[in-house]
Amino acid sequence: MIIKEEIKNIVSEFEALHSGQFASVVAATPAFLKNIYNQSIAKFKSIGLPNRKNENYKYLDIANLFTKNYEKAITPTQVKVDINDIFKCDVPELDTNAIIILNGFYFSPDGNKINTLPSGAVVGSLSQAIIDYPELVEKYLNKSAEKSDEGLVALNSAFIQDGVFIYVPKDAKLEKPLQIIHLMMESKSIMAQHRNLFVFEEGSEGKVVICDHSLSPSEFLTNSVSEIFAAENAKIEVVRMQNEHNSSKQLTNTFIDQQKDSDVIINTLTLHGGTVRNNLFVNLNDEGCQNRAYGLNLTDRNQQVDNYVYINHAKPNCHSTQLYKGVLDDEAKGAFSGRIFVAPDAQKTEAFQNNNTMLLTDDAQMRSKPQLEIYADDVKCSHGSTSGQLDEDALFYMKARGIGDKEARMLLMFAFAHEIISKISVEPLFERVNNLVEKRLRGEMSRCNNCMMACDTNQKNN
Amino acid sequence: MSNKEKDQEQILRDVTQTDYKYGFVTDIENDMIPKGLSEETVRLISAKKNEPEWMLEFRLKAYQQFLKMEMPKWAHLNIPEIDLQEVIYYSAPKEKKEVKSLDEVDPELLATFEKLGISLDEQKRLSGIAVDAVIDSVSVKTTFKETLGEMGIIFCSFSEAIKDHPDLIKKYLGAVVPPSDNYFAALNSAVFSDGSFCYIPKGVRCPMELSTYFRINAANTGQFERTLIVADDESYVSYLEGCTAPQRDENQLHAAIVEIIVEKEAEVKYSTVQNWYPGDKNGVGGIYNFVTKRGICRGESSKISWTQVETGSAVTWKYPSCILKGDNSVGEFYSVAVTNNHQQADTGSKMIHIGKNSKSTIISKGISAGFSQNSYRGLVKVLKGAKESRNYSQCDSLLLGDKCGAHTFPYLEVDNRSAIVEHEATTSKISEDQIFYCNQRGIKTEDAIGLIVNGYAKEVLNKLPMEFAVEAQKLLQVSLEGSVG
């Protein structure tokens with residue numbers, strides 16, 4: 001375990017970067033952003049990075065991930081080749097408005113950094129939005145994240161530069177899902193920290209698909225923050241597909257701030273990635289909110305996936321559901337930590353939390369901490385957690401009907417994962433993920449087999 | 001406010017004003033040492049008890065460990081800084097001479113036990129419980145010693161055991177809860193004054209329930225007792241523990257250790273009814289209860305069953321645990337924790353599966369009322385070698401009133417694929433439908449709530465030995481009845 005001294009070193013390194021190389025970035029920004037920078041770096045200095053003594057990070061040593069000397073990406077990567085030649089979305093039939101974020105910066109092939117869609121929605125680069133829509137950005141940026149006492153979030157806020165900005169005006173509906181593609185591509189080991197800001201005004205609707213990919217075999221560390229604001233009656237669905245290689249470390253922090261009668265679905269599918277930590281913070285700020293958070297991870301080899309969910313029921317009459325499932329193979333490590341917080345007087349709250357994990361080998365490890373913290377009496381809250389293997393009775397049932405052992409196991413596992421996949425409402429994406437998971441479970445396509453990067457061998461050579 | 005609501009308010013008031021019935025103080029001459037904690041204190045306690053050198057060494061080592069530790073902060077509890085220098089670490093009813101029979105015991109002391117309803121009296125022999133009573137941390141009287149001795153069962157105070165059975169104590173003391181285990185365990189190991197020791201030899205089924213009654217009497221004292229139970233191959237014992245304290249304005253400290261060692265095919269059933277003084281309805285006074293309880297199923301097919309009814313204490317910090325080392329061993333934990341007024345409880349269990357095919361069950365029922373906070377915290381850990389092991393945990397919380405809190409913090413760590421671990425928890429309140437149903441059948445709201453709460457806790461109360469079950473049920477009634485708002 002990392003000692004506190006080392007965390008101090010990491011923190012002072014970032015501080016030096018902030019007051020040194022980054023100072024010119026700070027100088028060129030509007031006053032409100034300067035405030036955020038100054039507050040956040042001070043906050044990061046006082047909190048530092050979590051180590052395993054922190055109950056929320058008991059099973060993943062975050063500080064340890066930072067010990068490798070990553071180059072901090074604070075200028076946009078210049079790409080000489082057309083990115084479309086290298087990267088092709090593996091869901092070609094997916095009809096979306098796509099946005100690319102490369103190494104933490106908005107990448108636009110045509111140089112157009114911000115667009116207004118026919119529906120009136122504004123979509124584009126956050127850095128451009130700071131210039132074009134300063135009032136809007138000032139009103140929302142960091143408003144949710146600043147309440148958090150997470151060191152990782154403060155670190156991201158201290159270095160906000162670019163990311164995706166989405167603004168959907170009152171009663172507007174996004175005509176197509178927006179697809180955000182986060183790419184990591186660099187010959188060196190780099191660290192990127194992009195920042196996304198989604199604002200959905202009253203009665204607006206939209207779907208956002210976020211894909212995380214790495215395109216070169218170097219070691220990457222990403223620490224991203226996404227803030228999502230859902231005003232009254234807004235309806236949002238976010239699907240995140242994480243598909244990075246084995247030597248990438250991905251830390252995501254997602255804040256969802258919901259107002260009256262809003263409805264948000266967030267689905268996190270972790271298909272691949274060396275070390276993944278997803279923090280999700282949901283604030284239900286007014287009555288009638290509904291939040292559904294789903295997660296699925298199919299994890300093998302030495303991968304590690306750690307999901308953390310915090311749901312704050314601040315007001316009465318809100319509903320929340322969390323369902324996280326995982327299949328762990330080889331020596332994979334999984335962790336789930338969820339907390340439902342019901343504030344005093346948040347009566348008639350309904351909150352349900354479930355975590356189910358299947359372990360396929362004796363070397364796989366699962367850690368689960370479903371937690372309830374309840375201060376109101378007229379509530380319906382429950383949580384459950386299971387960890388184990390396939391139901392022998394169900395297997396027997398199928399075998400008795402002539403289905404082979406292997407096929408029966410596959411079917412059961414697929415049914416297990418399907419409960420999460422079926423929540424994806426973007427049709428082509430659902431089909432694609434469905435196929436992907438089936439192939440993966442059949443062992444036909446361990447992603448690594450037909451990947452050119454061979455990051456496993458790469459890792460060993462290091 | 002409707003009539004019904006008024007009634008319920010009234011009932012709530014009545015209940016919260018129910019006096020703590022064990023809140024008397026007995027005027028017994030005490031032999032106390034000055035307050036404060038230092039190496040000197042540790043040496044003084046050891047000297048007072050005429051302990052052999054090895055025991056003093058054990059204490060001093062523990063004290064050194066303790067100095068390196070900090071008070072744990074992770075529990076969901078709000079505990080004001082405890083000044084350990086303000087505590088008196090040794091207080092014993094003054095012994096004038098060796099007591100031969102009950103007639104020679106201080107009548108004040110007997111009266112105390114009379115009030116507590118403890119069957120020290122010969123005539124109560126019929127109730128068939130062997131009692132070791134610990135008052136202000138010193139064991140005053142152990143009954144039925146001879147009868148048990150005939151079967152080879154050793155049941156005596158800890159100090160006697162140190163004198164009479166040093167080999168057993170040396171072998172087992174600290175075997176399950178080493179002094180370095182945690183802050184309070186280290187403190188206890190350094191300053192513990194007395195407790196009970198029990199050894200059940202091979203193949204013996206203890207014919208009666210063994211019982212310890214703890215009582216803190218003198219002001220400003222801390223009680224630090226130790227219980228050590230060893231069950232040899234194929235033996236069985238059922239052990240009861242009860243606790244009470246007088247009403248005082250200041251907080252008193254109780255930090256105990258219970259260690260259980262269970263060998264092959266043996267079984268130990270440990271039941272607790274904890275009713276320390278919980279403080280008054282404004283949260284003034286009450287006992288701080290920091291207890292480390294742990295048992296190890298060393299042999300094959302051994303079994304430990306913890307049952308607890310927790311209604312007292314201002315602060316409870318307690319996690320009775322089982323280390324399931326033997327193959328096919330079984331660990332059980334049944335708990336009802338009731339908090340009212342300003343009480344706080346953070347309690348639960350740990351099940352560590354090491355042996356193959358080991359099984360554990362956790363049933364925890366939390367009931368919170370008033371301004372209290374009630375948390376379940378538990379760990380189920382399945383090691384790689386614990387093939388085919390099984391755990392089932394169920395933690396239910398019942399909220400009575402909207403100013404209290406109920407929390408669940410389970411930790412599940414699974415390291416092999418053949419293990420099945422399940423955890424379920426729910427939080428609810430007594431529904432108006434349930435009360436209406438009872439009212440309609442002529443049952444008063446107050447009785448209806450008692451009925452529902454008892455039904456809710458039945459699964460756990462059923463596990464208590466008969467003598468305790470009745471008391472526990474009454475306690476539940478006193479602590480809670482009608483406190484639904």
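No lab work stands behind these numbers, since they all come straight from the coordinates. Computed from a predicted model, the values in this text were never measured in an experiment. All Cβ positions, even for glycine, are placed from backbone atoms using ideal geometry, and neighbour counts span all protein chains on display.
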Relative contact order (%) - criterion: Cα under 8 Å, at least six apart; region: chain A: 9 percent
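What is the extension gain from B:ARG441 to B:GLN64, computed as 0.36 nm multiplied by their sequence separation minus the C-alpha to C-alpha distance, in nm to one decimal? Mind dumping the intermediate values first?
Details: separation 377, 0.36 × 377 = 135.72 nm, distance 6.35 nm.
Working it through step by step, the gained length comes to 129.4 nm.
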Of the trypsin sites (Lys or Arg not before Pro) in the range B:153-230, those whose Cβ has at most 14 other Cβ within 10 Å and which sit in DSSP loop: B:LYS202
Spacing of the two label points (7 Å from each Cα toward its C-beta) at A:THR116 and B:LYS170, in nm: 9.0 nm
Kirkwood Rh and Cα Rg combined as Rg over Rh, evaluated for the protein assembly as shown: 1.02
Spin-label pair A:LYS8/A:ALA27, simplified geometry with 7 Å Cα→Cβ offset, distance in nm: 3.1 nm
Cα Rg, Dmax (largest Cα-Cα span) when computed across the range A:150-205, Å: 15.0, 45
Around A:LEU141: net Lys/Arg minus Asp/Glu count, Cβ-Cβ under 15 Å: -2
Under 20 Å between alpha carbons - lysine pairs in the range B:275-367 that sit 8 or more apart or on different chains: 17
From phi via Karplus (6.51, -1.76, 1.60), per-residue ³J(HN,Hα) for the range A:211-228 in Hz, x at Gly/Pro: 10, 10, 10, 10, 10, 10, x, 5, 7, 10, 10, 10, 10, 10, 10, 10, 10, 10
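Can you list which of the DSSP-assigned H helices in chain A have a Cα extent of 15 Å or more along the long axis and an average Kyte-Doolittle score of at least -1.0?
Details: long enough: A:4-19 (22 Å, -0.53); A:31-47 (24 Å, 0.08); A:405-421 (24 Å, 0.55); A:427-442 (23 Å, -0.87).
Taking the DSSP H segments of chain A (at least 15 Å long, mean hydropathy at least -1.0), we get A:4-19, A:31-47, A:405-421, A:427-442.
Taking each pair of distinct Cα atoms in chain A once, what is the resulting Kirkwood hydrodynamic radius in Å?
On the way: mean 1/r = 0.0440 Å⁻¹.
Over chain A, the inverse of the mean reciprocal pair distance is 22.7 Å.
Taking R0 as 30 Å, what's the FRET efficiency between A:SER216 and A:ARG52 from their Cβ-Cβ distance, rounded to 0.05? Write out the running numbers ahead of the final one.
Numbers: r = 31 Å, r/R0 = 1.02.
That gives a FRET efficiency of 0.45.
Counting other Cβ atoms within 10 Å of each Cβ, which trypsin sites (Lys or Arg not before Pro) in the range A:330-359 have at most 16 and sit in a DSSP loop?
On the way: sites: A:LYS333, A:ARG339, A:LYS348; in loops: A:LYS348.
Answer by residue number: A:LYS348.
Can you put A:LEU436, B:LEU240 in order of Cβ neighbours within 10 angstrom, beginning with the fewest? Provide the component values of the computation, followed by the final result.
Values: A:LEU436 20, B:LEU240 23.
The fewest-first ordering by Cβ neighbours comes to A:LEU436, B:LEU240.
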All-pairs Cα distance distribution in the range A:8-66, expressed in whole percent, bin size 5 Å: 4, 17, 22, 21, 15, 11, 8, 3
Per-pair calculated FRET efficiency, R0 = 41 Å: A:LYS188 and B:GLU459 via Cβ, rounded to 0.05: 0.10
Cα radius of gyration and Dmax for the range A:127-243 (Å): 15.1, 45
